[in-house]
Amino acid sequence: MKEQIRYYNEFEPPYGCLSNYARVHFELDGVWWPSAEHCYHAHKFTGDEPEHQDARRRIYEAPTPREAKRVAHEFDAYRRRDWDAVRDDVMRRIVLRKFESNADIARVLLSTGDAELIEESRDHHWGCGENGTGHNMLGRILMEVRAKLRAPPLPAPPPAPPLPASPPRTGER
């Protein structure tokens with residue numbers, strides 16, 4: 001049976017940094033985020049409507065990741081319509097960026113080897129759920145990110161050939 005690493009509490013070493021509640025700062029799309037949880041919930045509101053702008057501002061300014069989540073739920077009625085279809089891909093971008101930007105926590109993630117990562121939350125989609133039948137999507141995404149971090153970097157493309165000398169213009173020699 002494959003080794004399992006279960007995590008949830010952001011303050012519990014050594015795997016607390018795997019949690020979206022961990023206060024690990026990173027930049028994504030030109031914004032410096034205080035946590036993955038802040039970033040994830042702000043992405044529910046990407047429109048120009050005043051409600052979306054207010055939601056993003058309040059989520060960003062929330063003092064804790066849990067407060068950012070609570071604020072986002074206040075705006076559920078305004079959430080982008082395609083959210084359920086895009087949320088996993090949004091989370092993939094966020095989690096990858098979080099670990100690419102922070103070498104210390106990338107090392108922690110890589111130290112998990114080939115273990116199955118399981119978020120022990122009651123959330124049926126992101127975690128293992130109350131009775132262990134959840135999708136564990138965050139654990140799956142972390143394992144995808146671990147594989148990407150482990151993969152050797154792609155080789156740099158070869159340099160472009162030099163530009164040919166300009167041909168002389170008509171009438172010039």
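The values are calculated or read from the model by the stated rules, or taken from the named source; none is laboratory data. Being a predicted model, the structure only gives us computed values, none of them experimental. Quick reminder, even Gly has a Cβ in these numbers, built from the backbone with ideal geometry, and neighbours come from all protein chains shown.
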| Among the helices (runs of 4 or more DSSP H) confined wholly to segment 26-84, which include 1 or more residues that are touching a residue at least 60 places away in the same chain (Cβ under 8 Å)? | 36-42
| request: Could you grab me the full set of residues in segment 91-113 that are in contact with a Phe, Trp or Tyr (Cβ under 7 Å, 6 or more places away or on another chain), of a type in the set (Gly, Ala, Ser) and more than 23 Å from LYS44 (Cβ to Cβ)? | output: ALA106
| field | Single residue of segment 6-47 satisfying the filter (among the small types (Gly, Ala, Ser) and farther than 21 Å from ALA103 by Cβ) that is surrounded by the most Cβ atoms within 10 Å (Cβ to Cβ) | value | ALA42
| task | Name the one entry in LEU117, LEU154, LEU96, LEU142 that is assigned to a loop (DSSP other than H, G, I, E, B) and either closer than 29 Å to PHE11 by Cα or at pLDDT below 95 (or both). | result | LEU154
| task | Please indicate, with yes or no, whether at least one residue in segment 27-38 is farther than 16 Å from TYR60 by Cβ, in contact with a Phe, Trp or Tyr (Cβ under 9 Å, 6 or more places away or on another chain) and at pLDDT 95 or above. | result | no
| Of all residues in segment 97-120, which are crowded, with 17+ Cβ neighbours inside 10 Å and under 16 Å from GLU27 (Cα atoms)? | ARG97, LYS98, PHE99, ASN102, ILE105, ALA106
| Index of the failed condition, ASP123 passing every other in (1) without any contact (Cβ under 8 Å) to a residue 12 or more places away in the chain; (2) assigned to a helix (DSSP H, G or I); (3) surrounded by 11 or more Cβ atoms within 10 Å (Cβ to Cβ) | (2)
| task | Go through segment 67-87 residue by residue and tally those that are buried (at least 16 other Cβ atoms within 10 Å of the Cβ) and either modelled with pLDDT under 95 or within 16 Å of the chain's Cα centre (by Cα) (or both). | result | 3
| Subset of segment 1-28 that is over 12 Å from the mean Cα position of the chain (by Cα) and of a type in the set (D, E, K, R) - its residue that is farthest from THR112 (Cα to Cα) | ARG23
